[in-house]
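Heads up: the structure comes next, in structure tokens.
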Amino acid sequence: MLKLFVYYKNHSLFFLIISVVFLPIVLPARILPEIPKDQLAVVDDVWKSFEKFVDAQKGSQVDGICELKKYFQRFGYLPNDPAKNLTDLYDEELESAVFAYQKNLGLSATGKLDPDTMNEIMAPRCGITDVRKTHMNFSSFSSTNNKTLHATVHYAYFDEQPRWTRPSPMTLTYAFSPDHMINYLSMQDIRAAFQRSFSRWSAVIPVNFTESEDYYGSDIKIGFYNGDHGDGEAFDGVLGVLAHAFSPENGRFHLDGAETWAVDFEKVKSKSAVDLESVATHEIGHILGLAHSTVKEAVMYPSLHPRTKKVDLKIDDVAGIQALYGSNPNFKYSSLYESDISSSWSLLVERRRAFGWTVLILVFLFCFCL
Ligand SMILES: [Zn+2]
Ligand SMILES: [Zn+2]
């Protein structure tokens, strides 16, 4: 009897240990790195009030959900009809907008305002609408050195697919507004951040960018603006919309003057600080003709959390822009492909290492239990 008890006790212990050790493996979402809490809750965030809509049910009256409908109108998920009276009813139309949003942002398409979806909705983002002609390519595309790479691309263009048309080799000039700049960052730092952003794009396409002193005569005009600044796309204060830029060959590039712009997070401690170089790189993509991508890692994905840097072009960004302008002859896909997969590779190596340790511990426990 005692032996039987020890047998059961040991085996219960064994299965308990197995459950505890394997639980993180069977629930992969738990072992993915989580977004730090300070990036989720930011004081004064214009969309923070949306928090209360998490898990709201279709068919119910939800106080203030008409504001979320306005948000979906603003970004192209609901028809923008000023005559329509928006109600606080979580109706079918709102559910369809949620579905479309989730699909477009690469989220699980549940049609529900689950925490992941709300987290993305509340994230600061670009002011350009999302719903554009998306180019899906599930097969492959060729690099300049004829090696074929397999990837899924989800880049998109503006309607009519506009691009800059200049004789080759193309050079576009850019200039900073003499009247609409910020004074807490030095011009030297701002210039350097923009130079790096422009050079990332010129490294992949045969287009050069040079800074000009002639603001009004330049192709790309950069400035920081507050609230309503005359182009029908008013900025909204801290976080919310961070910037917007116009499609080719307009060249207007506007940043929200209400943001805490940063070029070095070591020097700027604000939780709402936004990386200037990341936003610049994204908006240059619009200036050149790219719309928003559904690939979360891509520079052309619409949102950017505060205190986050996202400056490296991904395969999706490069495939999209090269389909418009062709490739820079010095560019090689292989280097980009390696850097693109390096993060997923290191995660895989980490998981394999963790799995190896788990097996070793289990073998040891099995021997011990016997
Ligand atoms: Zn954008
Ligand atoms: Zn503007």
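Screening the range 219-266 for strands (runs of 3 or more DSSP E) wholly inside it with 3 or more residues that are more than 13 Å from ligand 2 (Cβ to nearest atom) returns the ranges 260-262.
Within the set A243, A262, the sole residue that is away from ligand 1 (no atom under 16 Å from the Cβ), modelled with pLDDT of 95 or more and surrounded by 22 or more Cβ atoms within 10 Å (Cβ to Cβ) turns out to be A262. Taken together, T171, T165 contain a single residue that is touching a residue at least 24 places away in the same chain (Cβ under 8 Å), part of a strand (DSSP E or B) and not aromatic (F, W, Y), which is T171.
When restricted to residues that are touching a Ser or Thr at 6+ places or on another chain (Cβ under 6 Å) and more than 24 Å from A262 (Cβ to Cβ), the range 178-214 contains 3. When G227 is tested against (1) in contact with a Phe, Trp or Tyr (Cβ under 7 Å, 6 or more places away or on another chain); (2) within 16 Å of ligand 1 (Cβ to nearest atom), just one condition goes unmet, and that condition is (2). Using the structure shown, decide if G227 is among the small types (G, A, S), over 19 Å from T171 (Cβ atoms), surrounded by fewer than 23 Cβ atoms within 10 Å (Cβ to Cβ) and in the same structural domain as V311 (by TED's automatic domain parsing). It is true that G227 is among the small types (G, A, S), over 19 Å from T171 (Cβ atoms), surrounded by fewer than 23 Cβ atoms within 10 Å (Cβ to Cβ) and in the same structural domain as V311 (by TED's automatic domain parsing). One residue alone among K310, K269 is outside the structural domain of A100 (by TED's automatic domain parsing), free of Cβ contacts under 8 Å to residues at least 40 places away in the same chain and within 13 Å of ligand 1 (Cβ to nearest atom), and that residue is K310.
The values are calculated or read from the model by the stated rules, or taken from the named source; none is laboratory data. Quantities reported herein were computed from a predicted structural model and do not represent experimental measurements. In this analysis, Cβ positions are derived from the backbone assuming ideal geometry, glycine residues included, and neighbour counts consider all displayed protein chains.
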